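Q: What follows is a structure written as C-alpha coordinates; I'll ask about it next.
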Amino acid sequence: MNNCRVVVSLDFPDAKQAIDLCQKLEPTACKLKIGKELFTREGPALVERFINMGFDVFLDLKYHDIPNTVASACRAAADLGVWMLNVHASGGRAMMETACEALDKSTHKPLLIAVTVLTSMGDDDLREIAISNSVDEQVMLLAQLSKSSGLDGVVCSAKEANHISTELGEKFCLVTPGIRPVNSKKDDQKRIMTPAEAIAAGSHYLVIGRPITKAVEPLVALSAINAEINSVI
Ligand code: C5P
(Lines give C-alpha, C1' and ligand atoms only; values in the text may rest on other atoms or scores of the structure.)
Protein backbone atom coordinates (compact mmCIF):
# COMPACT_ATOMS: atom_id res chain seq x y z
CA MET A 1 0.00 0.00 0.00
CA ASN A 2 1.29 3.49 -0.80
CA ASN A 3 1.00 6.62 1.35
CA CYS A 4 -0.86 8.87 -1.05
CA ARG A 5 -4.00 10.61 0.16
CA VAL A 6 -5.79 11.17 -3.15
CA VAL A 7 -8.42 8.68 -4.29
CA VAL A 8 -9.35 9.34 -7.92
CA SER A 9 -13.05 8.73 -8.48
CA LEU A 10 -13.55 6.75 -11.71
CA ASP A 11 -16.99 8.08 -12.63
CA PHE A 12 -17.00 6.63 -16.14
CA PRO A 13 -19.68 4.62 -17.96
CA ASP A 14 -17.29 2.00 -19.30
CA ALA A 15 -13.95 0.31 -18.81
CA LYS A 16 -12.24 1.89 -21.81
CA GLN A 17 -12.46 5.45 -20.53
CA ALA A 18 -11.44 4.38 -17.03
CA ILE A 19 -8.44 2.41 -18.31
CA ASP A 20 -7.37 5.26 -20.64
CA LEU A 21 -7.27 7.60 -17.63
CA CYS A 22 -5.48 5.15 -15.33
CA GLN A 23 -2.77 4.54 -17.91
CA LYS A 24 -1.97 8.25 -17.57
CA LEU A 25 -1.83 8.09 -13.75
CA GLU A 26 0.66 6.40 -11.44
CA PRO A 27 -0.13 3.89 -8.68
CA THR A 28 2.41 5.60 -6.43
CA ALA A 29 0.61 8.96 -6.82
CA CYS A 30 -3.02 8.02 -6.14
CA LYS A 31 -5.56 5.37 -5.29
CA LEU A 32 -8.73 4.66 -7.30
CA LYS A 33 -12.43 4.55 -6.43
CA ILE A 34 -14.81 2.30 -8.37
CA GLY A 35 -18.50 2.87 -7.73
CA LYS A 36 -21.82 1.30 -8.61
CA GLU A 37 -22.04 2.36 -12.27
CA LEU A 38 -18.63 1.15 -13.42
CA PHE A 39 -18.78 -1.99 -11.28
CA THR A 40 -22.26 -2.90 -12.51
CA ARG A 41 -21.15 -2.55 -16.13
CA GLU A 42 -17.68 -4.05 -15.94
CA GLY A 43 -17.66 -6.25 -12.85
CA PRO A 44 -14.83 -7.64 -10.72
CA ALA A 45 -12.52 -8.13 -13.72
CA LEU A 46 -11.95 -4.38 -13.96
CA VAL A 47 -11.23 -4.14 -10.23
CA GLU A 48 -8.65 -6.92 -10.58
CA ARG A 49 -7.15 -5.25 -13.62
CA PHE A 50 -6.47 -2.03 -11.69
CA ILE A 51 -5.10 -3.96 -8.72
CA ASN A 52 -2.78 -5.82 -11.10
CA MET A 53 -1.64 -2.44 -12.47
CA GLY A 54 -0.51 -1.68 -8.91
CA PHE A 55 -3.36 0.59 -7.75
CA ASP A 56 -5.06 0.46 -4.35
CA VAL A 57 -8.80 0.26 -5.07
CA PHE A 58 -11.66 1.60 -2.94
CA LEU A 59 -14.76 -0.41 -3.91
CA ASP A 60 -17.57 2.07 -3.24
CA LEU A 61 -20.66 -0.19 -3.31
CA LYS A 62 -22.20 0.97 0.02
CA TYR A 63 -23.51 -2.41 1.15
CA HIS A 64 -26.76 -2.30 3.18
CA ASP A 65 -28.54 -5.59 3.85
CA ILE A 66 -28.96 -8.25 6.56
CA PRO A 67 -25.73 -9.00 8.46
CA ASN A 68 -25.02 -12.35 6.80
CA THR A 69 -25.42 -10.97 3.28
CA VAL A 70 -23.28 -7.90 3.93
CA ALA A 71 -20.57 -9.96 5.63
CA SER A 72 -20.43 -12.34 2.65
CA ALA A 73 -20.24 -9.45 0.19
CA CYS A 74 -17.42 -7.83 2.22
CA ARG A 75 -15.54 -11.12 2.23
CA ALA A 76 -15.97 -11.40 -1.57
CA ALA A 77 -14.58 -7.86 -1.97
CA ALA A 78 -11.65 -8.70 0.31
CA ASP A 79 -10.92 -11.78 -1.80
CA LEU A 80 -10.74 -9.50 -4.85
CA GLY A 81 -7.92 -7.67 -3.10
CA VAL A 82 -9.50 -4.24 -2.65
CA TRP A 83 -7.83 -1.75 -0.32
CA MET A 84 -11.05 -0.21 1.06
CA LEU A 85 -14.80 -0.90 0.94
CA ASN A 86 -17.90 0.55 2.55
CA VAL A 87 -21.31 -0.13 4.05
CA HIS A 88 -24.23 2.08 5.15
CA ALA A 89 -23.97 2.71 8.90
CA SER A 90 -27.79 2.82 9.05
CA GLY A 91 -27.67 -0.97 8.51
CA GLY A 92 -26.94 -1.05 12.25
CA ARG A 93 -24.48 -2.50 14.75
CA ALA A 94 -25.09 -6.21 14.05
CA MET A 95 -24.52 -5.66 10.32
CA MET A 96 -21.30 -3.71 10.87
CA GLU A 97 -19.91 -6.05 13.56
CA THR A 98 -20.61 -9.12 11.44
CA ALA A 99 -18.89 -7.46 8.46
CA CYS A 100 -15.82 -6.71 10.61
CA GLU A 101 -15.69 -10.30 11.87
CA ALA A 102 -15.84 -11.59 8.29
CA LEU A 103 -12.98 -9.32 7.24
CA ASP A 104 -10.90 -10.30 10.30
CA LYS A 105 -10.90 -13.86 8.96
CA SER A 106 -9.69 -12.90 5.49
CA THR A 107 -6.00 -13.08 4.65
CA HIS A 108 -6.09 -9.69 2.95
CA LYS A 109 -7.98 -7.30 5.27
CA PRO A 110 -9.25 -4.12 3.57
CA LEU A 111 -10.23 -0.97 5.44
CA LEU A 112 -13.97 -0.98 6.17
CA ILE A 113 -15.66 2.41 6.34
CA ALA A 114 -19.26 3.57 6.61
CA VAL A 115 -21.50 6.07 4.90
CA THR A 116 -23.41 8.00 7.58
CA VAL A 117 -26.10 10.24 6.01
CA LEU A 118 -26.05 10.66 2.24
CA THR A 119 -25.13 14.27 1.45
CA SER A 120 -28.13 14.40 -0.88
CA MET A 121 -30.39 14.25 2.21
CA GLY A 122 -31.49 17.18 4.36
CA ASP A 123 -33.36 17.49 7.66
CA ASP A 124 -36.72 17.26 5.83
CA ASP A 125 -35.72 14.01 4.14
CA LEU A 126 -34.77 12.54 7.52
CA ARG A 127 -38.09 13.55 9.04
CA GLU A 128 -39.89 11.82 6.19
CA ILE A 129 -38.26 8.54 7.19
CA ALA A 130 -39.12 9.15 10.87
CA ILE A 131 -35.67 10.38 11.96
CA SER A 132 -36.13 13.43 14.18
CA ASN A 133 -32.38 14.16 14.50
CA SER A 134 -30.91 16.91 12.36
CA VAL A 135 -28.47 15.78 9.66
CA ASP A 136 -25.53 16.89 11.83
CA GLU A 137 -26.79 14.96 14.85
CA GLN A 138 -27.47 11.87 12.75
CA VAL A 139 -24.02 12.01 11.11
CA MET A 140 -22.34 12.08 14.52
CA LEU A 141 -24.58 9.36 15.94
CA LEU A 142 -23.83 7.05 13.00
CA ALA A 143 -20.11 7.88 13.04
CA GLN A 144 -19.99 6.92 16.75
CA LEU A 145 -21.95 3.73 16.04
CA SER A 146 -19.54 2.87 13.20
CA LYS A 147 -16.55 3.32 15.47
CA SER A 148 -17.99 1.30 18.35
CA SER A 149 -18.96 -1.45 15.87
CA GLY A 150 -15.29 -1.80 14.92
CA LEU A 151 -15.17 0.05 11.60
CA ASP A 152 -12.06 1.90 10.49
CA GLY A 153 -13.77 5.18 9.58
CA VAL A 154 -16.50 7.01 7.70
CA VAL A 155 -17.10 8.91 4.50
CA CYS A 156 -17.95 12.50 5.37
CA SER A 157 -17.87 16.03 4.06
CA ALA A 158 -14.56 17.78 4.75
CA LYS A 159 -16.70 20.39 6.53
CA GLU A 160 -17.64 17.71 9.09
CA ALA A 161 -14.12 16.29 9.40
CA ASN A 162 -12.88 18.57 12.16
CA HIS A 163 -15.84 17.83 14.44
CA ILE A 164 -15.76 14.05 13.86
CA SER A 165 -11.99 13.93 14.31
CA THR A 166 -12.26 15.86 17.59
CA GLU A 167 -15.03 13.58 18.91
CA LEU A 168 -13.75 10.22 17.67
CA GLY A 169 -9.99 10.69 17.55
CA GLU A 170 -7.43 11.35 14.86
CA LYS A 171 -6.97 7.67 14.03
CA PHE A 172 -10.59 7.21 12.91
CA CYS A 173 -10.25 7.29 9.13
CA LEU A 174 -12.08 10.14 7.38
CA VAL A 175 -12.65 9.89 3.64
CA THR A 176 -13.90 13.13 2.13
CA PRO A 177 -15.33 14.04 -1.30
CA GLY A 178 -16.26 17.60 -2.35
CA ILE A 179 -12.64 18.66 -2.84
CA ARG A 180 -11.68 21.41 -5.27
CA PRO A 181 -8.22 22.97 -5.74
CA VAL A 182 -8.22 26.78 -5.77
CA ASN A 183 -9.31 28.09 -9.20
CA SER A 184 -10.87 24.82 -10.34
CA LYS A 185 -14.52 24.49 -11.37
CA LYS A 186 -16.99 23.67 -8.59
CA ASP A 187 -19.16 21.58 -10.97
CA ASP A 188 -22.23 20.45 -9.00
CA GLN A 189 -20.45 20.42 -5.62
CA LYS A 190 -21.76 23.03 -3.18
CA ARG A 191 -19.80 22.73 0.06
CA ILE A 192 -16.21 22.39 -1.13
CA MET A 193 -12.79 22.58 0.50
CA THR A 194 -9.34 22.73 -1.04
CA PRO A 195 -7.03 19.71 -0.64
CA ALA A 196 -4.90 21.57 1.93
CA GLU A 197 -7.97 22.71 3.92
CA ALA A 198 -9.42 19.19 3.96
CA ILE A 199 -6.16 17.67 5.24
CA ALA A 200 -5.87 20.41 7.87
CA ALA A 201 -9.46 19.63 8.96
CA GLY A 202 -8.50 16.00 9.63
CA SER A 203 -9.26 14.18 6.35
CA HIS A 204 -7.14 11.11 5.74
CA TYR A 205 -8.15 10.46 2.13
CA LEU A 206 -9.57 12.89 -0.42
CA VAL A 207 -11.95 11.54 -3.06
CA ILE A 208 -11.41 13.66 -6.16
CA GLY A 209 -13.04 13.16 -9.55
CA ARG A 210 -13.42 15.82 -12.21
CA PRO A 211 -10.51 18.10 -11.23
CA ILE A 212 -8.32 15.14 -12.27
CA THR A 213 -10.44 13.06 -14.66
CA LYS A 214 -11.42 16.06 -16.82
CA ALA A 215 -8.00 17.73 -16.72
CA VAL A 216 -6.16 18.04 -20.03
CA GLU A 217 -3.18 16.49 -18.29
CA PRO A 218 -4.51 14.35 -15.42
CA LEU A 219 -1.09 13.45 -14.01
CA VAL A 220 -0.09 17.14 -13.90
CA ALA A 221 -3.34 17.97 -12.06
CA LEU A 222 -2.76 15.08 -9.65
CA SER A 223 0.85 16.10 -9.03
CA ALA A 224 -0.20 19.67 -8.21
CA ILE A 225 -2.78 18.35 -5.71
CA ASN A 226 -0.18 16.03 -4.14
CA ALA A 227 2.25 18.94 -3.84
CA GLU A 228 -0.42 21.02 -2.10
CA ILE A 229 -1.14 18.12 0.32
CA ASN A 230 2.57 17.57 1.01
CA SER A 231 2.95 21.25 1.88
CA VAL A 232 0.63 20.82 4.89
CA ILE A 233 1.54 17.35 6.24
O1 C5P B 1 -15.95 14.95 -9.61
P2 C5P B 1 -16.03 15.07 -8.11
O3 C5P B 1 -14.71 15.40 -7.46
O4 C5P B 1 -17.14 15.99 -7.67
O5 C5P B 1 -16.41 13.59 -7.64
C6 C5P B 1 -16.64 13.28 -6.29
C7 C5P B 1 -16.99 11.84 -6.14
O8 C5P B 1 -17.33 11.61 -4.77
C9 C5P B 1 -18.18 11.36 -6.97
O10 C5P B 1 -17.96 9.97 -7.27
C11 C5P B 1 -19.33 11.50 -6.01
O12 C5P B 1 -20.38 10.63 -6.31
C13 C5P B 1 -18.67 11.11 -4.69
N14 C5P B 1 -19.34 11.62 -3.51
C15 C5P B 1 -19.61 12.96 -3.32
N16 C5P B 1 -20.25 13.37 -2.20
C17 C5P B 1 -20.61 12.48 -1.26
C18 C5P B 1 -20.32 11.13 -1.41
C19 C5P B 1 -19.68 10.73 -2.57
O20 C5P B 1 -19.26 13.80 -4.15
N21 C5P B 1 -21.17 12.89 -0.17
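Q: From the residues in the stretch 1-12 that are in contact (Cβ under 8 Å) with a residue 60 or more places away in the chain and open to solvent by 80 Å² or more (accessible area, probe 1.4 Å), which one is farthest from V82 (Cα to Cα)?
A: D11
Q: Okay, next question. Kindly indicate the residue of the stretch 46-70 that is over 21 Å from S148 (Cα atoms) and of a type in the set (D, E) and also surrounded by the most Cβ atoms within 10 Å (Cβ to Cβ) among those meeting that condition.
A: My answer is D60.
Q: May I pose another question? Assess whether Q138 counts as being within 16 Å of the ligand (Cβ to nearest atom), part of a helix (DSSP H, G or I), modelled with pLDDT of 95 or more and of a type outside the set (D, E, K, R).
A: Spelling it out, Q138 is indeed within 16 Å of the ligand (Cβ to nearest atom), part of a helix (DSSP H, G or I), modelled with pLDDT of 95 or more and of a type outside the set (D, E, K, R).
Q: Turning to a different aspect of this structure: Would you confirm whether or not the stretch 27-44 contains a residue that is in contact (Cβ under 8 Å) with a residue 60 or more places away in the chain, more than 17 Å from N86 (Cβ to Cβ) and surrounded by fewer than 21 Cβ atoms within 10 Å (Cβ to Cβ)?
A: Yes, the conditions are met somewhere in the stretch 27-44.
Q: I'd like to know if the stretch 123-132 contains one or more residues that are surrounded by 20 or more Cβ atoms within 10 Å (Cβ to Cβ) and within 16 Å of the ligand (Cβ to nearest atom).
A: No, the stretch 123-132 contains no residue that is surrounded by 20 or more Cβ atoms within 10 Å (Cβ to Cβ) and within 16 Å of the ligand (Cβ to nearest atom).
Q: Specify which of the listed residues (L112, L103) is assigned to a strand (DSSP E or B), surrounded by 14 or more Cβ atoms within 10 Å (Cβ to Cβ) and more than 16 Å from the ligand (Cβ to nearest atom).
A: It is L112.
Q: Within the stretch 67-100, can you find the residues that are outside any helix (DSSP H, G or I) and either touching a helix residue (DSSP H, G or I) at 6+ places or on another chain (Cβ under 7 Å) or within 26 Å of R5 (Cα to Cα) (or both)?
A: If the condition is that a residue be outside any helix (DSSP H, G or I) and either touching a helix residue (DSSP H, G or I) at 6+ places or on another chain (Cβ under 7 Å) or within 26 Å of R5 (Cα to Cα) (or both), then G81, V82, W83, M84, L85, N86, V87, H88 are the ones that fit.
Q: May I ask you to say which residue of F50, F58, F39 is within 15 Å of V7 (Cα to Cα), within 16 Å of the ligand (Cβ to nearest atom) and part of a helix (DSSP H, G or I)?
A: F50
Q: Please give the helices (runs of 4 or more DSSP H) falling wholly within the stretch 144-229 in which 1 or more residues are touching a residue at least 60 places away in the same chain (Cβ under 8 Å) and within 15 Å of the ligand (Cβ to nearest atom).
A: Correct list: 195-200, 210-213.
Q: Out of A143, A161, I need the residue that is in contact with an Asp or Glu (Cβ under 8 Å, 6 or more places away or on another chain) and open to solvent by less than 10 Å² (accessible area, probe 1.4 Å). Which one?
A: A143
Q: Here is a list: A89, A15. Which entry is at pLDDT 95 or above, within 21 Å of V154 (Cβ to Cβ) and crowded, with 16+ Cβ neighbours inside 10 Å?
A: Going through A89, A15 in turn, the sole match is A89.
Q: Among the residues of the stretch 15-36, write down those that are within 16 Å of the ligand (Cβ to nearest atom) and of a type outside the set (A, V, I, L, M, F, W, C).
A: Hits for the stretch 15-36 are Q17, K31, K33, G35, K36.
Q: What do you reckon, is A73 touching a residue at least 12 places away in the same chain (Cβ under 8 Å) and either over 15 Å from the mean Cα position of the chain (by Cα) or surrounded by fewer than 18 Cβ atoms within 10 Å (Cβ to Cβ) (or both)?
A: So A73 fits the description; yes.
The values are calculated or read from the model by the stated rules, or taken from the named source; none is laboratory data. Bear in mind the structure is a predicted one, so any value in this text is a computation, not a measurement. Here the Cβ is made from the backbone with ideal geometry for all residues, glycine too, and neighbour counts use every protein chain on show. Areas reflect the complete protein model, heavy atoms only, side chains present, ligands, DNA and RNA absent. Shrake-Rupley method; radii C 1.70, N 1.55, O 1.52, S 1.80 Å.
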